[in-house]
Amino acid sequence: MTYDFSAIEPKWRKIWEERKAFHVERDESRPKFYCLEMFPYPSGALHMGHLRNYSIGDLTARFLRMNGYNVMYPIGFDSFGMPAENAAIKMKTHPAKWTMRNIDHMIEQLKSMGCGYDWRRVVKTCLPEYYRWSQWFFLQMYKRGLAYRKHAPVNWCGTCGTVLANEQVIGDGVCWRCETPVVKKGLEQWFLRITDYAQELLDYLDQLSGWPERVLTMQRNWIGRSEGVRFNIAIADADLSIEAFTTRIDTIFGITFVAIAAEHPIVKTLADRMTPEKRDAALDFASRMSARSAIERTAVGGDKMGMDTGFEAVNPVNGARIPIWIADYILMDYGTGAIMGVPAHDQRDFDFVRKYGLGIIPVVRAPGEPIPDPGDMTSAADADGVACNSGRFDGMPTPEAIEKIGEWFERESWGKRETQYRLRDWLISRQRYWGTPIPVVYCDKCGIVPVPEEDLPVELPLDATIPPNGGNALLDCADWINTTCPKCGGHARRETDTMDTFICSSWYFFRYLSPGSNDAPFTPEDSKYWMPVDLYIGGIEHACLHLIYARFFTKVLSDLGITEPTLREPFKGLLTQGMVIKDGAKMSKSLGNVVDPDEIIKRYGADTARLFILFASPPDKSLDWSDKGVEGAHRFLSRVYRLVEDNLPSLASAERLRTPMSEITGGESRDIKRLIHSTIDRVTRDIKDERQLNTAVARLMELCNGLLSFAPPDKTGHALFREGVESLLLCLSPFCPHICEELWEMIGNEGLLARAPWPSVDKDALAVDSVTVVLQINGKLREQFSVPPGLAKDELIGRVMAEDAVKRRLDGFEVVKVIAVPDKLVNIVVKGK
RNA sequence: GCCGGGAUGGCGGAAUUGGUAGACGCACGGGACUUAAAAUCCUGUGGACGCAAGUCCGUGCGGGUUCAAUUCCCGCUCUCGGCACCA
């Protein structure tokens, strides 16, 4: 018989299922571990990235289960979203049908991988039993003012036919899904007040020691905190003022213009006070500027465009009159949409005045240097220095000037020191059908009315037909839209926008914990026992999307009293797996370099696929797919199989499971005992502490090689051989569970390996009988000697110096210094001949 | 521009606190088995010189610290990723 994975793998999956090997319940008597994977979108089939994600997850879950932890390891499907609608149009079917069929197929695929999920806990976010609670959370937030509706310039993707949250606009301003350039549109939409949590989201990053530094940095950048002063600038000869925000209030004496965003409301006010020709020109300029896509607006080194309004502003500190311009480089959605222009110390302002011939006033100089001549300046000087041209602040270093002038502004009530964030409130409305309906109606009389909790869920009508042009199918559901107002009973219309699917994924990890719960999204007991997630595994692409939203949701749930007040963060540990690469590029359909997991599993088995993936590179680095490497992994498993099959009589003859080191005499036997236990030791540490799964596999290969070349010399030898084989199977089982179960059974063990305890390390067996020390001369390796371990420095030096080879080498040299490192080396420093 | 990774044989990747660079695997060379091939097993494999013993060079580049540097410090180059007219 050879290694027949196609018979072995289904056999053990069936047994695991029958024996409910992976069912899990709360158990206060054992430490818990919550191992979570980013759940897949049911696109139709798993790709290699999924296989990698879930191989890492299942290994972790199995390892910890064997180590005595009560392990929560669930899976589900993020099953609302655009692709289902697109597929529905293309395949002339319904998104629900397409989605549910895909889920069924992907469940089969996940099972074929051998992942030990608790299948009773599967979450499908497109089912009313799930999304009713998303709606319920929305209502709780609405009640507390955390969900609100406002008119705002929003990001619109023409291809997807919907608005997007800021986080979903990526790169140079394109849609995260279809990469269409996004345009700004003024619309009334629903938002969640995530900015209320900006500071906490930032502060708690410091506590997330189990997260990769890159992700923490990305989130810090995204939240983008900056401290400055918000202040009023009066408009001359008008009872109007403009608010500006600056982080460099110390440069206030250097203002030579004020610039406002094209979308700024004051543009219209000012235009109304202009001559008709001037007015038309201004409004035309403003609308041309604001209509441009993010790509055009932020083109690197883009020429700045501006227009003088003819109005003047008054510098609060000295009464200087300065022109007010509309400028395209001012963003309406950051700060106040208006800035004080200080060309001497801001490169953008500098570029602007050079183009339009406005003045430059230097107000910071390098210490000990004269005030620069504006005419000589070739760029803005944004470095710190000391104040100049700034009245009584002259000579003050920049940080102090920022402090003192800020205080002065507050004292004079000109403005206030303030912290700004780049983070924007989360726009959750989507003009799409296949999503969670927003539980709100618009009453002719009462306006916005939330749907009462007892009327939840607001079910998505499943009899809708997706319009072939990709529009929102809900708009055609007149029966569904027209309803009665829960408040006055009059006519009302349902909200036809659905929620961003990132809402669904913001709390699914709570739902896993209480799958049957009908009167609450999850039970407090379950949440208290299982949360937080101990290890979350997924792609880094969610660093500023899902991972921020889920943190926000967790904080809100905690504040609403739905979870423990102390549960402020959902994910204690985060492992961002690397990409799967083939031929130097990320696997993608367009490049034609995809490898189908199904085919690999069919051809080599799931154990081989998993082993290769875990062996080829560390989990957080990118993985180079190699067909040859897969064959290598398969070859190894065949060798493991043969190791057992060819030695069944020897294995059966073993009389004891563990032989103490003190009873082992032969050198080879002592070596194999040592190899067994150093392997267990290393593999355990590699998995637990280092997450170095690739080196753990390497150790197991070494153990296998060692056992293959070990010929048991006696009875003790046979016992040791069995000890080695059992250790190998136990340690290998989280990587390749099926073959290990099979071999475990073959050597006569009862009970599931999946439930067996992890082998312990026999510390006595780690002690070595001799060590190799090297001789260095002037730091260069020269000789090697075998000596007993634990020799003191002097003893070691004495022994090495006595060697003939060493004497020969030192002949004619003067020994300057001798360094000894016990059990490692002796380095002799010598001087010329 | 700012922030964060990374650079080690032909390839993927290893190297506790500075202490034998290249574990493990792939690929390749030689051999065994075979009529032959595949599979399997044994064996070699960083580069240069050498019959050999051995010597020299070698972890992106240039310096430095040290008896000793892939590892620590200073200065660069290249590369991947994130953010960016963010006031």
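The values are calculated or read from the model by the stated rules, or taken from the named source; none is laboratory data. A quick note: this is a predicted structure, and the numbers were derived from the prediction, not measured. Cβ sites come from the backbone with ideal geometry, for glycine too, and all protein chains shown count toward neighbours.
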message = Given the criterion in contact with a helix residue (DSSP H, G or I) (Cβ under 9 Å, 6 or more places away or on another chain) and not basic (Lys, Arg), identify the matching residue among A:Ser709, A:Ser678.
response = A:Ser678
note = Within the range A:396-406, the residues that are within 41 Å of the chain's Cα centre (by Cα) and not in a helix (DSSP H, G or I) are A:Pro397
note = When every residue in the range A:163-178 that is out of contact with any helix residue (DSSP H, G or I) (no Cβ under 8 Å at 6 or more places or on another chain) and of a type in the set (Val, Ile, Thr) is compared, the one nearest to A:His264 (Cα to Cα) is A:Val163
message = So A:Lys602 passes all but one of these: (1) assigned to a loop (DSSP other than H, G, I, E, B); (2) more than 9 Å from RNA strand B (Cβ to nearest atom). Which condition number does it fail?
response = (1)
query = In the range A:318-335, which residue that is surrounded by 18 or more Cβ atoms within 10 Å (Cβ to Cβ) and either within 8 Å of RNA strand B (Cβ to nearest atom) or assigned to a loop (DSSP other than H, G, I, E, B) (or both) is modelled with the lowest pLDDT?
reply = A:Met332
inquiry  = What pairs come out if I take residues in the range A:758-774 that are within 13 Å of RNA strand B (Cβ to nearest atom) and pair them with residues that are at pLDDT below 90 and assigned to a loop (DSSP other than H, G, I, E, B) whose C-beta lies under 7 Å away, six or more apart or interchain?
reply    = A:Val768/A:Pro789; A:Ser770/A:Pro788; A:Ser770/A:Pro789; A:Val771/A:Pro789; A:Val771/A:Asp823; A:Val773/A:Asp823; A:Val773/A:Lys824
key: Scope the range A:452-482; condition surrounded by 17 or more Cβ atoms within 10 Å (Cβ to Cβ), over 12 Å from A:Pro439 (Cα atoms), in contact (Cβ under 8 Å) with a residue 24 or more places away in the chain and of a type outside the set (A, V, I, L, M); matching residues   = A:Gly470, A:Asn472
request  = Would you check if A:Met340 is free of Cβ contacts under 8 Å to residues at least 40 places away in the same chain, at negative phi, within 11 Å of RNA strand B (Cβ to nearest atom) and not in a loop (DSSP other than H, G, I, E, B)?
outcome  = no
remark   = Filtering the range A:421-445 for residues that are of a type in the set (S, T, N, Q) and buried (at least 21 other Cβ atoms within 10 Å of the Cβ) leaves a count of 2
task = Go through (1) part of a helix (DSSP H, G or I); (2) at pLDDT below 95; (3) not β-branched (Val, Ile, Thr) and name the single condition A:Phe409 misses.
result = (2)
Yes/no for A:Met289 being crowded, with 21+ Cβ neighbours inside 10 Å, in contact with an Asp or Glu (Cβ under 9 Å, 6 or more places away or on another chain) and farther than 30 Å from A:Ala401 by Cα = yes
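Listed here are the residues, each with its yes/no results for (1) within 20 Å of A:Trp325 (Cβ to Cβ); (2) outside any loop (DSSP other than H, G, I, E, B); (3) among the aliphatic types (A, V, I, L, M).
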residue	(1), (2), (3)
A:His345	yes, no, no
A:Phe350	yes, yes, no
A:Arg354	yes, yes, no
A:Gly368	no, no, no
A:Ile371	no, no, yes
A:Gly375	no, yes, no
A:Ala383	no, no, yes
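Taking the range A:142-152 only, how many residues are of a type outside the set (Ser, Thr, Tyr) and closer than 13 Å to A:Trp426 by Cα?
As a first pass, look at the range A:142-152 and keep what is of a type outside the set (Ser, Thr, Tyr): A:143-147, A:149-152.
Applying the additional criterion that residues be closer than 13 Å to A:Trp426 by Cα yields A:146-147, A:149-150, A:152.
Looking only at that region, the number is 5.
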request  = Having 1 or more residues that are closer than 30 Å to A:Phe721 by Cβ is the bar; report the strands (runs of 3 or more DSSP E) wholly within the range A:747-825 that clear it.
outcome  = A:771-777, A:780-787
remark   = Across the range A:780-792, the tally of residues that are near RNA strand B (Cβ under 9 Å from one of its atoms) and either over 20 Å from A:Lys817 (Cβ atoms) or loosely packed, with under 11 Cβ neighbours inside 10 Å (or both) stands at 2
key: Which listed residue is within 13 Å of RNA strand B (Cβ to nearest atom) and either polar (S, T, N, Q) or in contact with a strand residue (DSSP E or B) (Cβ under 6 Å, 6 or more places away or on another chain) (or both), from A:Thr608, A:Thr659, A:Thr665   = A:Thr608
request  = Find the residue count for the range A:543-594, including only residues that are modelled with pLDDT of 90 or more and either basic (Lys, Arg) or part of a loop (DSSP other than H, G, I, E, B) (or both).
outcome  = 14
query = Restricting attention to the range A:512-526, does a residue exist that is of a type in the set (S, T, N, Q), buried (at least 21 other Cβ atoms within 10 Å of the Cβ), in contact with a Ser or Thr (Cβ under 7 Å, 6 or more places away or on another chain) and over 30 Å from A:Gly171 (Cβ atoms)?
reply = no
query = Consider A:Pro712 against the criteria (1) away from RNA strand B (no atom under 16 Å from the Cβ); (2) free of Cβ contacts under 8 Å to residues at least 12 places away in the same chain: it satisfies all of them except one. Which criterion is unmet?
reply = (2)
query = Can you tell which of A:Glu655, A:Glu668 is surrounded by fewer than 18 Cβ atoms within 10 Å (Cβ to Cβ), of a type outside the set (Gly, Ala, Ser) and over 24 Å from A:Asn749 (Cα atoms)?
reply = A:Glu668
inquiry  = Give all pairs with beta carbons closer than 6 Å in which a residue from the range A:46-64 that is closer than 15 Å to A:Gly573 by Cβ meets a residue that is part of a helix (DSSP H, G or I); count only pairs at least 6 apart in sequence or on separate chains.
reply    = A:Phe63/A:Ile687
note = Filtering helices (runs of 4 or more DSSP H) wholly in the range A:640-733 for at least 2 residues that are under 25 Å from A:Arg610 (Cβ atoms) and modelled with pLDDT of 95 or more gives A:667-685, A:693-708, A:715-732
key: Condition broken by A:Thr93, with the remaining ones in (1) among the polar types (S, T, N, Q); (2) assigned to a loop (DSSP other than H, G, I, E, B); (3) in contact (Cβ under 8 Å) with a residue 40 or more places away in the chain satisfied   = (3)
message = Filter the range A:4-24 down to the residues that are in contact (Cβ under 8 Å) with a residue 40 or more places away in the chain and assigned to a loop (DSSP other than H, G, I, E, B) and list them by number.
response = A:Arg19, A:Ala21, A:Phe22, A:His23, A:Val24
request  = Filter the range A:804-833 down to residues that are within 26 Å of A:Ala767 (Cβ to Cβ) and surrounded by 14 or more Cβ atoms within 10 Å (Cβ to Cβ) and give me whichever is nearest to RNA strand B (Cβ to nearest atom).
outcome  = A:Asn827
